[in-house]
Structures are given as structure tokens and as C-alpha cells.
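Everything below concerns the one structure shown next.
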Amino acid sequence: MSAVHYTITSKQPSSHVFNITLTISNPDPQGQIVSLPSWIPGSYMIREFAKNIVTIAASSNNKKIALTQLKKDVWQAAPCKETLVIQYDVYAWDLSVRTAHLDQTHAFFNGTSVFLRVDGQENTAHIVDIQCPEGSAFKKWRIATALPELKAKRYGFGTYHADNYDALVDHPVEMGDFALVSFKAHGVPHDMVFTGNIPNLNIDRIADDVKKICETEIAFFEPKTKKAPMDRYVFLTMVVGDGYGGLEHRSSTALICTRDDLPAVGQKEQTEGYRTFLGLCSHEYFHTWNVKRIKPAVFAPYDLSQENYTSLLWFFEGITSYYDDLFLVRSGLITGEQYFTTLSKTINNVLKGRGRLKQSVAESSFDAWTKYYRQDENAPNAIVSYYTKGSLVALGLDLTIREATKNKKTLDDVMRYVWQQYGKSFYSKKGGVGIPEAAMLALFEDVSGVKLGSYFTNYIYGTKDVPLAKLLKVSGIEYTEKKDSQASLGIRTSAQKDLCKITHVYEDGAAYQAGVSAGDTLLAIDQLKVPAKGPETLLKRYQAKQKVNLVVFRRDELMMMDAILQNQPAQVSLALAKTTKQLPQWMTK
Ligand code: ZN
């Protein structure tokens, strides 16, 4: 038996409880310390997974021994000479790619939610025996994971193997009676697994499309050899009525998506929802290189007990967000026009909030733990997204480098350079290092030969808007700002039963100036009831600069305020200039 061995099963999946046994054959004679991570890589927020441990006990030689809790997520067993066994139950009822979820229909877990880390033995081999719940209801269950099999058939129950703890928790596991499709991308086997009730899923169409994305991305990083960095890749997809999200791993990804976004058999058209799904696959797959192997130095290795601060998430998430949709065009899955629609949406999204003038993408990266991941009603006025603005920063960098070098150097070259320099050997025997925080500018300048100091100062470490109108024009794309004549209160709302609840108040908008607050219920405008879905139809009868009377409830207190309506923010749209014959080079290769 290896030094660290787990069995995981559930005696009763409908109770949402995993039963786990951790066996340590040579425990620390001073008293073995074990702990559970506070966060999961890729999702930068302290989540304190240990709160889901329901019971925990230690024994050795079949005798119970003391297990003392030292911190919220750390325990120490009494010293023992023989094998130490720790048995614990974990409650798993969070339908998210970040944690664990279990019922009679399926089981999903990330190692960070269920596997205690054995202090001092993190770098030894870890073995997991995954056991099927007992009973005829689970006869059809299979396993999907990129964790290598030790004594198990592919998709079968049995033992799986990880070289160390870091690898163990980087391979999420799905169990259930799922739909499965397989394809090869440049010779490497890929599986796509779909869990959930999905009538007539057109799984072959999805596989055909995703294969194109995978092959484009593999060839992007290794244009000569077309060698993928992993032996095998698995997409674990949880399909629900309404949901969206993904989390990257070194050889797999966990996704959650909306049923209606996936094509049915016989459905020919390509919906916007399906493009969103393909963009998500493209995004998480790109992370196989960017952030799972090319990493900031502070993630090499991760410290899973506390926040790991980096100001580089604009690079790891922003650049990944830039390439996710771009690869849909480069793979021929969407048209240039469709790409322009998506890109202009991102631009309009970024320009909407005043937070972008207060926080840089570097600061947004650093504060991800308390700000981006813990957004409140004031977020649009206080913060910027290192995803959306980060993707515009990446586009701007690409266009700036291409313009200065007449397309001889590109952001693609920078990515291939960091791949060769940092990423490629990361999980090899000789090991790898991450990119130091301060090295980024010099790295870009070395590869491109372009001076980018002021670009970094203005748009990455500063809060200026990336001058995309100017940069896009050079590659033959027209950036048009259309004034919107629709009158606006500058709020975001959500329906709460038959009432209209204000969720966000944009700084300096009409409602903001009038003294309206997020959390207020908007009852009436000029004595007319505001529909639960929002005030837009009522406002159609008005124009900017007109005064309206607002009636709101703040908690249970009725308040009246006068607001001077404003115009909706101008909307950016993009199109090829009339004189441009074909898509610019950056969109096609
Ligand atoms: Zn991402």
C-alpha cells in the first residue's frame, strides 16, 4: 500500500454525504497533521471547504486515538507507531464546479473538497479507491476523470493514482450514468461527459466542433510538432436548467452549462447560447497551457491554506478570455461578424461601470480574493473585471505589437515564448517555475522588440481605457459609438415577485443623483406602477433631461424622489471598414 491511500464512497448518496477513509502507513511519529484546502486553484476566494466535514475520527491498530483540531481546517492525530486511519464524512450539496455535489442521480467532487492533505507527505504517491455506492440504483454508474487508473478499467470503479497531492486535487471526478463522446485531437484522446437530463443531445455535433477548437489551440502553442501537453483530456459537463461556469485543470475541466445552450439532434442552426458554450470550452481548454502550466511564480506551488496574491490575473484570465472567442473564429466555428458582436458586447460591458476608472486590472487581480470574487451592489462603481477589461488589454497588446512590427511579431509569439520558457516543463521531472511578478513587461518587450512601458503604465497598472477605436482602425475595423436616445435611470433591476427591485445604481446616473439606493424597491414613476421586469417600457415615453418622480420603498419606508433622466450610454459596434476586403490577420491565424 502506498504511503497515502484514500477510499471514497457514499453509503447513501441521497444524503449528500461522502464517506472517506484516509490510511497513512507511516504517520509522523510526533503526531500526524492533516488539513483541507481553503480554496481551489482557478477560483480565487477563500471557501473553507473544511466547514463541510461533518464527522472525523482517527484510529490506529483498530483502536480509536485522539484527533485534535488545531485550526478551522487542521487536525493532529495522537502519536502512533502503526498505520493511522482517519475516517470522515463530507457533506456535498453545492452544485458548482468548485466544490462537490452528490445525490442519487450523480456524484461530482474536486479533491480539494474531499481529500485531507497529509502534512510532510504531499510529494509521495497518492492512491484513491473510488467505490460505487451499493444498490441496484447505481449499477449503471461510471467514472469520468483524468486521474490515471491504477487498478480500474477506463470509466470503471477501482483504484486511481496521483504522483502527489497537487495532482490528486487537480483531477475532478464525475460519477453517474452520463452521456459520453470521445474524439482525438492531434492524436490525443479527449472525452466529453454530459451529466443531467438532456433529451436528444446532439453529442456528435458538439464533439466535432470542440475537436476543432482543441486542434487549433494545440497547434497554436506547438505549430511544428502539434503536440498536446497532456496524454488525455476530459470535459466534465454538468447540464442544468440555468447555469454557467467552468474551472480549469491540467488535463480536464469541470463545466456547468444551460440545457438550452446545447444543440438537439436535428437542430441545424447555431444559437447564441451554443456559441457561449463553445466559448466556455475554448476558454477552459486554453488554460491547459495558460495558468495550469504557464503560471505566476506565486502559484508554483500553490499554498492552499491561504490567499496567494498575484497582480497577473489580467494575463492568465484576460489573455485567456481574449483567445477564447478568437479561437472560435480561427477554427471557423463562427463568422467574423459574430465575433464582432461578441467583442463589442465585451467593450460595452467594460465601458458601463465607473469602477474601471478607479481600479486597474493589476489591482483587480491582486484583490480578486475580496473584490472580484465577492462582489456586492457597488461593484460596477468600484471595481473592474480582469476578465473583460483584461481581454481588451490583450487585444490592445496584440494590435499594438502587430502595428509596430507590421505583423512580424504578435501576442501569439509572446504566448508561445512563455509556453516554451515556463510552461512546457512544468510537470516534467525537472520541474518548472512560474513567471515572476515583475518580469512581465521585460518579457513582452524582449519577445516583441516593441517598447510597451507606457502601454503597461496606462492600461494595465493604470485605469485608462484601451484606445481600441484607434488600434482597430489600423487593422481595417470600424469602431462606431452610437448614441442611444432611450432615456435611462442608470440602474439594474431584478424582478422580485411582482415588484421591481433595484440591484445596482450606476454612479452619476439619474437614480444615483436623485438619491436612490441599491436594495430599494422601485414602485412607481410619475404615479404609474413599475413592472417587475423593469422600468424600460415606461421610460420609452420619456427623453433625457426630463424630470420624473420616483416612488420607492427603502426597507419598509416609503420615499419619493425627483430624478432628471439621462441618455443610455452610447453603444459601441464593430464592423469591417468598407474598404477592407478580408478579415485582418489576427482574426484568422
Ligand atoms: Zn479562466
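The values are calculated or read from the model by the stated rules, or taken from the named source; none is laboratory data. Note that the coordinates shown come from a computational prediction; the quantities given were computed from them, not determined experimentally. Every residue, glycine as well, gets a Cβ built from its backbone with ideal geometry; the counts of neighbours run over all protein chains shown.
Looking at segment 318-332 only, could you name the residues that are under 13 Å from E215 (Cα atoms) and away from the ligand (no atom under 14 Å from the Cβ)? The answer is L328, R330, S331, G332.
Does segment 98-152 hold any residues that are touching a helix residue (DSSP H, G or I) at 6+ places or on another chain (Cβ under 9 Å), among the hydroxyl-bearing types (S, T, Y) and assigned to a loop (DSSP other than H, G, I, E, B), and which are they? Those that are touching a helix residue (DSSP H, G or I) at 6+ places or on another chain (Cβ under 9 Å), among the hydroxyl-bearing types (S, T, Y) and assigned to a loop (DSSP other than H, G, I, E, B): T99, T105, T124.
Evaluate segment 446-463: report whether one residue or more is at positive phi, of a type outside the set (A, V, I, L, M, F, W, C) and either part of a helix (DSSP H, G or I) or modelled with pLDDT of 95 or more (or both).
From segment 446-463, those at positive phi are 449; that's our starting set.
Narrowing the set further to residues that are of a type outside the set (A, V, I, L, M, F, W, C) leaves 449.
Going one step further and asking which of them are either part of a helix (DSSP H, G or I) or modelled with pLDDT of 95 or more (or both), we end up with 449.
Looking for residues that are at positive phi, of a type outside the set (A, V, I, L, M, F, W, C) and either part of a helix (DSSP H, G or I) or modelled with pLDDT of 95 or more (or both), one finds at least one in segment 446-463, hence yes.
Filtering segment 261-293 to residues that are among the hydrophobic types (A, V, I, L, M, F, W, C) and in a helix (DSSP H, G or I) leaves F277, L278, L280, C281, F286.
Remark: pairs (first residue in segment 6-26, more than 14 Å from V118 (Cα to Cα); second residue of a type in the set (D, E, K, R); Cβ separation under 6 Å; 6+ apart in sequence or on different chains) = T7/D129; P13/D103; S14/D103; V17/D89; N19/K11; N19/D89.
Select from segment 121-137 the residues that are aliphatic (A, V, I, L, M) and either crowded, with 19+ Cβ neighbours inside 10 Å or under 21 Å from G31 (Cα atoms) (or both) and list them in ascending order. Hits for segment 121-137 are A125, I127, V128, I130.
Filter segment 146-159 down to the residues that are in contact (Cβ under 8 Å) with a residue 12 or more places away in the chain and touching a Ser or Thr at 6+ places or on another chain (Cβ under 7 Å) and list them by number.
Those that are in contact (Cβ under 8 Å) with a residue 12 or more places away in the chain and touching a Ser or Thr at 6+ places or on another chain (Cβ under 7 Å): A146, L150, A152.
The residues in segment 343-362 that are buried (at least 19 other Cβ atoms within 10 Å of the Cβ), more than 16 Å from the ligand (Cβ to nearest atom) and not aliphatic (A, V, I, L, M) can be counted, and the count is 5. Taken together, A228, A137, A152, A162 contain a single residue that is small (G, A, S), in contact with a strand residue (DSSP E or B) (Cβ under 6 Å, 6 or more places away or on another chain) and over 27 Å from R117 (Cβ atoms), which is A228. Applying the criterion of being part of a loop (DSSP other than H, G, I, E, B) and over 18 Å from L328 (Cβ atoms) to the residues of segment 233-260, the residue that is farthest from the ligand (Cβ to nearest atom) is G241.
Which of the residues that make up segment 20-32 are in a strand (DSSP E or B) and either within 16 Å of the ligand (Cβ to nearest atom) or surrounded by 19 or more Cβ atoms within 10 Å (Cβ to Cβ) (or both)?
If the condition is that a residue be in a strand (DSSP E or B) and either within 16 Å of the ligand (Cβ to nearest atom) or surrounded by 19 or more Cβ atoms within 10 Å (Cβ to Cβ) (or both), then I20, L22, T23, I24 are the ones that fit.
Those residues that are among the charged types (D, E, K, R) and either surrounded by fewer than 21 Cβ atoms within 10 Å (Cβ to Cβ) or modelled with pLDDT under 95 (or both), I need them from segment 231-249; list them, please. Once the filter is applied, which keeps residues that are among the charged types (D, E, K, R) and either surrounded by fewer than 21 Cβ atoms within 10 Å (Cβ to Cβ) or modelled with pLDDT under 95 (or both), segment 231-249 yields D231, R232, D242. Quickly run through segment 363-401 and pick out the residues that are more than 16 Å from the ligand (Cβ to nearest atom), crowded, with 18+ Cβ neighbours inside 10 Å and within 20 Å of I46 (Cβ to Cβ). Matches in segment 363-401: E363, F366, D367, K371, I383. Residues that are modelled with pLDDT of 95 or more, aromatic (F, W, Y) and more than 30 Å from N290 (Cα to Cα) do not occur anywhere in segment 103-115.
Count of segment 302-317 residues, restricted to those that are more than 15 Å from M45 (Cβ to Cβ), within 16 Å of the ligand (Cβ to nearest atom) and among the hydroxyl-bearing types (S, T, Y), is 0. Evaluation of T225 against the conditions (1) within 16 Å of the ligand (Cβ to nearest atom); (2) under 17 Å from P189 (Cα atoms); (3) among the polar types (S, T, N, Q) shows that the sole unmet condition is (1). Screening F299 against (1) in contact (Cβ under 8 Å) with a residue 24 or more places away in the chain; (2) surrounded by fewer than 22 Cβ atoms within 10 Å (Cβ to Cβ); (3) more than 14 Å from the ligand (Cβ to nearest atom); (4) over 16 Å from the mean Cα position of the chain (by Cα) leaves a single unmet condition, (3). Could you grab me the full set of residues in segment 361-391 that are touching a Leu at 6+ places or on another chain (Cβ under 7 Å) and of a type in the set (A, V, I, L, M)? Across segment 361-391, the qualifying residue is only A368.
Scanning segment 34-50 for residues that are away from the ligand (no atom under 16 Å from the Cβ) and either surrounded by fewer than 19 Cβ atoms within 10 Å (Cβ to Cβ) or modelled with pLDDT under 95 (or both) gives I46, E48.
If I filter segment 406-429 for residues that are of a type in the set (A, V, I, L, M, F, W, C), within 16 Å of the ligand (Cβ to nearest atom) and touching an Asp or Glu at 6+ places or on another chain (Cβ under 9 Å), do I get at least one hit? Scanning segment 406-429, I find no residue that is of a type in the set (A, V, I, L, M, F, W, C), within 16 Å of the ligand (Cβ to nearest atom) and touching an Asp or Glu at 6+ places or on another chain (Cβ under 9 Å), so the answer is no. Regarding A77, is this residue in contact with a Gly (Cβ under 7 Å, 6 or more places away or on another chain) and closer than 24 Å to T112 by Cβ? Taking the combined requirement at face value, the residue satisfies it.
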